[in-house]
Amino acid sequence: MKGESAVIVQRFFYFYTMKNTFKNSNEYILLFPEEVQQKLIELREIIHAEVPGLEEYIGYQMPAFRYKGKPLVYFAAYKKHIGFYPGAEGIRVFEEDFKQKGYKFSKGAIQFPVDQDIPAELVKKIVQFRAGEIEQKNPET
């Protein structure tokens with residue numbers, strides 16, 4: 001029964017969040033326990049510090065950031081990890097870093113375990129890379 005309860009809670013949370021549109025990142029962050037909130041705030045601050053003047057918005061029901069009008073990165077919290085979404089190229093370029101640190105990753109996402117520190121230096125490198133990609137594709141903006 002305990003496992004069933006956990007599944008029910010997860011499904012409720014999934015459908016609750018999918019049916020509710022968050023107005024901003026603050027509303028999203030406040031949904032989580034304090035220790036997760038702290039990590040999300042830290043991640044948000046790292047992103048802003050690397051690329052000044054970013055526009056924050058909610059995309060795909062996650063906090064997201066635009067640079068020069070183009071999506072830069074997204075993040076989301078889950079029970080055991082924080083998902084960071086820098087796009088396929090942002091993953092491909094840093095794949096070896098992820099392997100060295102033992103992070104799970106897929107074509108467009110990386111998982112930072114909630115019981116570990118946010119890898120600030122790695123996040124900075126990824127954000128800088130993504131901003132550079134946008135600059136190359138949109139030099140006139």
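The values are calculated or read from the model by the stated rules, or taken from the named source; none is laboratory data. Please read all numbers here as calculations on a predicted model, not as lab measurements. Virtual Cβ from ideal backbone geometry, glycine too; neighbours counted across all protein chains shown.
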_Residues of region 87-97 satisfying the condition of being more than 15 Å from V73 (Cβ to Cβ) and buried (at least 16 other Cβ atoms within 10 Å of the Cβ)_ = D97
*Flag for I58 being at pLDDT below 95 and in contact with a helix residue (DSSP H, G or I) (Cβ under 8 Å, 6 or more places away or on another chain)*: yes
*Scan of region 99-140 for residues that are among the aromatic types (F, W, Y) and over 18 Å from I47 (Cα atoms), ordered by number*: Y103, F105
*Is at least one residue of region 98-114 among the polar types (S, T, N, Q), surrounded by fewer than 15 Cβ atoms within 10 Å (Cβ to Cβ), out of contact with any Phe, Trp or Tyr (no Cβ under 6 Å at 6 or more places or on another chain) and not in a loop (DSSP other than H, G, I, E, B)?*
yes
*Criterion violated by P63 - all others in (1) in a helix (DSSP H, G or I); (2) modelled with pLDDT of 95 or more; (3) not aromatic (F, W, Y) satisfied*: (1)
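Can you pull out the residues in region 24-54 that are small (G, A, S) and not in a helix (DSSP H, G or I)?
G53
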*Return the pairs, sorted by first residue and then second, in which the second residue is charged (D, E, K, R), the first residue lies in region 113-137 and is under 19 Å from E55 (Cα atoms), the beta carbons are less than 7 Å apart, and the residues are 6+ apart or on different chains.*
K124/E50; V127/E50; Q128/E50; E133/E89; I134/K68; I134/K70
*Which one of these does Y74 not meet: (1) surrounded by fewer than 14 Cβ atoms within 10 Å (Cβ to Cβ); (2) out of contact with any His (no Cβ under 9 Å at 6 or more places or on another chain)?*
(1)
*Which one is farthest from F65 (Cα to Cα) among residues in region 82-97 that are in a helix (DSSP H, G or I) and among the aliphatic types (A, V, I, L, M)?*
V93
